[in-house]
1. Can you tell me which residue among 38, 45 is surrounded by 10 or more Cβ atoms within 10 Å (Cβ to Cβ) and modelled with pLDDT under 90?
2. Just to be sure I understand the filter: pairs with C-beta atoms under 7 Å, separated by 6 or more residues or on different chains, first member in the stretch 44-63 and in contact (Cβ under 8 Å) with a residue 40 or more places away in the chain and small (Gly, Ala, Ser), second member open to solvent by 90 Å² or more (accessible area, probe 1.4 Å) and part of a helix (DSSP H, G or I). Which pairs pass?
3. Can you tell me which residue is modelled with the lowest pLDDT among those in the stretch 50-67 that are part of a helix (DSSP H, G or I) and open to solvent by 80 Å² or more (accessible area, probe 1.4 Å)?
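The values are calculated or read from the model by the stated rules, or taken from the named source; none is laboratory data. For clarity, every value in this text was computed on a predicted model and none was experimentally measured. Every residue, glycine as well, gets a Cβ built from its backbone with ideal geometry; the counts of neighbours run over all protein chains shown. Just the protein is used for accessible areas: all its heavy atoms, side chains included, with ligands, DNA and RNA removed. Shrake-Rupley method; radii C 1.70, N 1.55, O 1.52, S 1.80 Å.
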Amino acid sequence: MMKKLFWLVLSTVILTGQSIFAQEADSEVQSSQREDSLLQVVNELSDRVQKTEDAARNERIWKKRAKYFNVSSK
């Protein structure tokens, strides 16, 4: 009777411990995926802002200048 009780308690502890570990690992993966997706969105928005700033700067610089000049004499 004691062996059966011992094995029952041991198997319960092992099964409970494994399920808790699996849940923690799963939540860690989900949180890292959320962080990765947030970083992608932030990087994309940063790139858009940088392109807009570059375009505005180029417009200020080249506004009064000719876009091209002709070297040939024809």
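1. 38
2. Close Cβ pairs (under 7 Å, with a partner that is open to solvent by 90 Å² or more (accessible area, probe 1.4 Å) and part of a helix (DSSP H, G or I)) do not exist here.
3. 62
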